[in-house]
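Heads up, the thing below is written out as structure tokens.
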């Protein structure tokens with residue numbers, strides 16, 4: 001092989017090496033790198049988000065979001081709760097009136113209940129009120145957020161017509177301690193309440209000295225599209 005042929009072969013090898021290197025660099029830059037640092041998962045999400053979505057970055061920590069959506073709403077300052085308890089006699093009851101405000105935001109609500117005796121819960125839509133109840137203090141899950149709930153909750157309203165029952169459940173044995181959760185305690189059981197509507201959550205005791213504890217969790221979300 002001549003000297004010119006040797007030089008030509010060497011040049012082709014160099015050019016091939018350069019082209020392969022460039023291809024590898026472009027390939028690596030297109031990968032969304034995920035790695036662990038300090039016990040937290042971090043990621044390069046620059047290529048994850050399409051033009052029709054918002055960047056999946058937590059506003060308070062700048063970390064990629066790998067939590068469920070409800071937890072994300074907590075960090076967004078749009079998740080609220082009410083948690084309390086009372087003691088009811090046999091035949092005693094308590095109700096909560098939910099007033100869903102006007103506007104685009106819709107409450108996504110979960111309700112859970114525990115009791116030491118036999119208890120029945122009923123949820124009604126579009127009731128009629130005679131008198132308002134006592135306004136219940138609602139709290140933002142993010143105690144650093146100044147956001148307040150758009151949904152108003154009142155306790156022990158006077159009702160002339162309960163409206164349409166959309167859910168009911170009874171559990172426990174009279175005068176026998178028990179601990180139970182109402183069906184709407186999982187995220188896939190949440191109810192999206194109608195805008196400009198009212199709801200009643202009614203709790204009835206069928207046991208004496210029945211200690212009833214309740215939790216109302218919800219976030220307020222504006223539908224997309």
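Report the gain in length on full extension from residue 128 to residue 222: 0.36 nm times residue separation, minus Cα-Cα distance, nm rounded to one decimal.
31.2 nm
Order these by the 10 Å Cβ neighbour count, fewest first: 151, 128.
Ascending number of Cβ neighbours within 10 Å: 128, 151.
Arranged by the count of other C-beta atoms within 10 angstrom, fewest first, what order do 85, 129 take?
So the ranking, lowest neighbour count to highest, is 85, 129.
Every number here is computed from the coordinates shown, using simple stated rules; none is lab data. On a predicted model such as this, the values are computed, not experimentally measured, just so you know. Cβ atoms come from the backbone with ideal geometry, glycine included; neighbour counts cover every protein chain shown.
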